[in-house]
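As C-alpha cells, the structure follows; a few thoughts come after it.
Derivation of every value follows stated rules applied to the coordinates shown; laboratory data play no part. Note that the structure is predicted; figures quoted are calculated from it, not measured. Note that we place each Cβ from the backbone using ideal geometry, even for glycine, and neighbour counts take in every protein chain shown.
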Amino acid sequence: MNFAFTADQVMIRDAAQSFLADESGSAAVRAASASETGFDAGVWQRIGSELGWCAIPVAEEHGGLGLGAVELVLVLEQMGRQLLCAPYFSTVCLAANLLTQVGNEQALRRFLPAIAEGHLCATAPLSSGADDWLDAAAQIQARRKGEVWTLSGHCPRVPDAAAADWLLLFAQVEGERKAALFAVPREVAGLKIEALEGWDATRRFSSITLDGVTLPAEDRIDDASRIEDGLSRAAALARLAIAAEQLGGAQQCLDLTVAYTATRKQFGRAIASFQAVKHRCAEMMVRIEATRSAVYGAAALAASKTTADALALECAVARTLASDTYFYCAQEAIQLHGGVGFTWEYDPQLYFKRAQASSHWLGNADGLRERIAQALIA
Amino acid sequence: MNLQPSPTDEAFRAEVADWMRRHLKGRFASLLHRGGPGDEEADPALRKEWERELAAGRWTCVGWPAEAGGRGLSIEQQVIFHEEYARAGGPGRMGHIGEGLIGPTLIAFGSEMQKRRFLPGIVAGTEFWAQGYSEPGAGSDLANVQTKCWQEADGSWRVQGQKVWTSLAHESEWIFVLARSEPGSKSRNGLSFLLLPLSQSNVRIQPIRQMSGGSEFNEVFFDGAVAESGHLVGKPGEGWKVAMGLLEFERGVSTLGQQMHFAYEFDLVVKAAQANGASANPQIRQRIAQAWCGLRVMRYNALRMLSGGERPGLKREALIYKYYWSNWHRELGKLAMDVLGPAGDAISDDPRIRPLQQLFFFSRADTIYAGTNEIQLNLIAERGLDMPREPRPAV
C-alpha cells in the first residue's frame, strides 16, 4: 500500500497546472464565457490533440492512454481551479465514462477512439437527482419498430449540448425495466436544443426536447448486461470528477483570499496578520485538505479493483465534502475580500456561482448523505 | 498510489490478529475496548499486566530499532499493528507515554547510560512515565515555563515548581520535566530537560477531578525534587530542542489505530440509533452520514501523512490532522448524546451507553490538549499558508 503519487502522476498534474494557468486565467475565462460558444476553440483543440487529456481514462485498446481515475482527478482539479471553459467534462467525464461503463462493444469502437484523439465532442445529462440518472431516463420514451427507434421526451439540463457532435441520452423503453442509453446526433430532425442562460457562465447548459426523433438500431448503445452495475459506476466516477473540479475551485478561493489579505492594509497592517482573518483562512485550509484526502482516496479506490457499491459510497463521500467545502470557501472568499469581493471585477463571484451551480449536479450533498445513510443504517 | 496491500503485509496482519485473539481473553477479557483517554481509570493494575503480556509477545515498542529493544517494523507494518490492535479491542496502552514520547526522545537525544537505564523498562512494561510540560502559566504559551532547576555541588539536579494536566502521574514511576535552568532566561532559551523518579518525598501528586467525574490528570508539585546528575537529557539550556524534537520524528503511525477506535465508537452510535429508532430521523441520518465522511477523510488523510515526500511535520495533511480529528470526535460525542436522548442523561454502566457518555464528556478535552483549536489554527495559517504572525507586544 502506498498513497504517494507516482512521478508520472506528478508530471501530469504539473503540466495541467502550468498550461491552465497560462491559457485559462481570469481574463481568458471571462472572455470565453462571454463568447457565443462559451469556450475557446483553440484551447480545446490543444487539450484534445496536443496534450492528449481526452485520452487519459480511455482504454488503450480504444486508442486511449489507459490511465486511471487518479490521473484524471489531478487534471480535473486544475481545471476546476482555473474554471476552464471547454467541453472536457461533458465529453470525457460524462460521455466517455458512460460509454466505458455501459456501452456495448460496437459503441466503444465507434466513439471512444475519436474522443481519445480529441476529434469528437459528446455529452450526457447532468441531472440533479442522487439516483444515477433514473430521473433523466424517466423523461424520455423510446419505441422500436423494425430497425428504427423513435424517441420523444425532454431532458432539462445537458451541459455543452450546443457544442456536442453526439448527445448520449437515457430513455425508458416500453416493456423494459432498466434504463436504455441512446446516441443522438446533434443534427437530427425532431431534436430541439435550447440554450439556458445561467449565472455560472463557465459551463453552458441546454434544455433538450425530442419530438419523434428516429434513430437506426445501432444508436442504442447500452450493453443490457452491464447497465445496472455500470450506471452506478459511471455515476460514481462522474461525481468524483465533479468533486475534483470543486476541490480545485475551493483551493483557488483560498489562494485568492490569502493573496488579497496579504496586500490589503487596515489599521496600519496587512489584514492577513489579524487572527480573525487567519483563523478563517486556516478553517478553509482544513476543509480543503479534508476534501483533498477524500477525493484522492476515492480516486485511488476507483483505480483499484472494487465493487460498484463500495465505489458509489466512497465517491458520494468525496462529492458531499467537495460541494460543502467549495461553497464554504467561495462565501468566505467574498467575505474576506470585503467590498471588492462583491464586485464583478474581482474573481470570487465566478467561483461562488460555480460552487452553487455545481452543488446539485448528480445529487446535492443532502441527497447524497441520505444515500450514504442508507448504505450504513439501511 | 496503490491501495493493494502486499502479501507480506497481509501475512503480518494475520499474525497480529491471531496473537490478539489468543491473548486478549480469559483474565484480560474485561479490558476489551477499555482504557485510553477518558477511560484511563479502567483497571490500571490489570492493564499494566497486559503491558507485560504484550512485552512477552514482543509487541511493545514495535517501531523502535532492534538495538533499542524494538522490532524495527516498517511504517506500513507499524500501521498494521496499531490497526489490528485496535480492531481486536486492545485496551488503551498504559505504556504509551514511555513508548511514544520519552523512548523515542531518549533514542534521539539520550546518553548511552540513559538508554541502557530506561529503554528496557519501557520495552518490558515494568516502568511507566508521565510528561511534565504544562504549567499553570504555560499552557498554549508553553515556552513560558517557570519551574526552576539547578545543579548541586554533587552534580545532582533539584527541581522547584509546579506542573499541571499531568496524565497518569499517579500510575507512573518516572516523569520527564521541562524546567528553567538559567535564572532570568525567557521563552524557549535557558530550559533543561530532566528525568525524575516520582516516588520521592519532595514530589506531591494531586489529582484533578474532571467534568466527567474521573481524575486522569494531576497537578504535580516539586519542592526541591532530586534528579540524578546523569539524568539530564541533552545539554543544559537545550531543553526546548529536546522537548520539540519529538515532533519531527512523530509520523503518526498510531493515528490509524486511533481511527479504529473512532470507528468502533461510530458503530456504537449507529447501533444505539437503530435500537431506539433515532435512525429513522432524517436529521440524525444526515449527521451519521456526515460522521462517516469524517472517518473516511481521517483514513485517507493519515495515508497521505504516512506516504513519502516532504518532511512530515510540514505536510498540509499533517498540519490539519489534530484540528480535524479532535473537532470530528467532539461532534460525534454530541451526536451520540442526541441519539441516546434522555437515556444519555442518566449515569449508566450499560456498555452500550457508558462509552458514549465518556465520549461526549472527554471529547471536550480533545480540542484543548496538545494545542488548542485556536493554537492549531494559528499554526495552520502561519506554517501552511505563510500568513504573518500576530505582532507581539515588546517584553
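Mind checking the angle between helix A:227-263 and chain A's longest principal axis? C-alpha axes, 0 to 90 degrees, to the nearest 10.
Taking the Cα atoms of chain A, the angle to A:227-263 is about 20 degrees.
Testing the spin-label approximation: label points 7 Å from Cα along Cα→Cβ at B:Leu3 and A:Gln275. State their distance in nm.
Here the modelled spin labels are 4.0 nm apart.
Once you list every other residue whose beta carbon is under 13 Å from the beta carbon of A:Ala107, what net charge do they have if Lys and Arg are +1 and Asp and Glu are -1?
-1
Pop the C-beta distance of A:Glu117 and B:Gln274 into the FRET formula with R0 = 60 Å and round what comes out to the nearest 0.05.
Between A:Glu117 and B:Gln274 the formula returns 0.70.
Along the charge dipole of the stretch A:247-347, which of A:Ile271, A:Ala282, A:Trp344 sits closest to the positive end, that is, farthest toward it, with unit charges on the beta carbon of Lys, Arg, Asp and Glu (+1, +1, -1, -1)?
Among A:Ile271, A:Ala282, A:Trp344, the one farthest towards the positive end of the dipole of the stretch A:247-347 is A:Ile271.
Considering the options A:Thr202, A:Gln252, A:Gly153, tell which one lies farthest towards the positive end of the dipole of chain A, charges being +1 on Lys and Arg and -1 on Asp and Glu at the Cβ, about the Cα centre.
The residue sitting most towards the positive pole is A:Gln252.
Could you list, by residue number, the cysteines of chain A that have no other cysteine's beta carbon within less than 4.7 Å of their beta carbon?
That list is A:Cys54, A:Cys85, A:Cys93, A:Cys121, A:Cys155, A:Cys281, A:Cys315.
Enter the mean number of other protein chain beta carbons within 10 Å of the beta carbon of each residue in A:273-280, as an integer.
5
Going by the alpha-carbon gyration tensor, a ≥ b ≥ c the square roots of its eigenvalues, is the stretch B:251-331 rounded (a/c under 1.5) or, if a/c is not under 1.5, prolate (a/b greater than b/c) versus oblate?
prolate
Is the stretch B:129-239 best put as rounded, prolate or oblate by its Cα gyration tensor, with a ≥ b ≥ c the root eigenvalues, rounded for a/c under 1.5, and otherwise prolate when a/b is larger than b/c, oblate when not?
Oblate, since a/c reaches 1.5 and b/c is not below a/b.
Most mobile of A:Phe111, A:Phe342, A:Phe205 per a Gaussian network model of chain A (Cα springs, under 10 Å)?
A:Phe342
How many partner chain Cβ atoms sit within 10 Å of a residue's Cβ in peptide A:298-305, on average, as a whole number?
3
Could you give the dipole magnitude of the stretch A:119-260 about its Cα centre, charging the beta-carbon of Lys and Arg +1 and that of Asp and Glu -1, in debye to the nearest 20?
Here the size comes out at about 160 debye.
Pairing the Cα long axis of helix B:7-23 with the longest principal axis of chain B, what angle in degrees results, from 0 to 90 and rounded to the nearest 10?
90
What's the local net charge at B:Glu67, with K and R +1, D and E -1, over the other residues with C-beta under 15 Å away?
+3
How far apart, in nanometres, would the label points at B:Ala108 and B:Ile347 be if each is projected 7 angstrom from Cα along the Cα-to-Cβ direction?
4.3
I'd like the distance separating the alpha-carbon centroids of the stretch B:258-335 and the stretch A:314-378, in whole Å.
Here the answer is 20 Å between Cα centres.
So, R0 is 25 Å and r is the distance between the beta-carbons of B:Leu246 and B:Glu53; what FRET efficiency does that work out to, to 0.05?
Approximately 0.40, to the nearest 0.05.
Want the number for A:His154 to A:Ser128: 0.36 nm per residue separation, take away the alpha-carbon distance, what's left?
In short, 7.9 nm is gained.
Under the rule a/c < 1.5 gives rounded, and otherwise a/b versus b/c splits prolate from oblate, where does the stretch A:7-121 land using the Cα gyration tensor?
It is oblate, given that a/c is not under 1.5 and a/b is not larger than b/c.
List the longest stretch of chain A that has no exposed loop site; here a site is one of the GluC sites (Glu not before Pro) assigned by DSSP to anything other than H, G, I, E or B, with at most 10 other Cβ within 10 Å.
A:198-344
Taking chain B as the reference, fit the longest principal axis to its C-alpha atoms, fit the long axis of helix B:75-87 to the helix C-alpha atoms, and give the angle between the two in degrees, 0 to 90, nearest 10.
60
Give the residues of the stretch B:8-50 whose amide nitrogen is closer than 16 Å to a point set 7 Å from the Cα of B:Phe361 in the direction of its Cβ.
Within reach of a label on B:Phe361: B:35-43.
Taking the Cα centroid of the stretch A:217-286 and of the stretch A:133-168, what is the distance between the two, rounded to the nearest whole Å?
What the calculation gives is 30 Å, centre to centre.
In the stretch B:1-47, what GluC sites (Glu not before Pro) fall in a loop by DSSP, with at most 16 other Cβ atoms inside 10 Å?
Filter output for the stretch B:1-47: B:Glu41.
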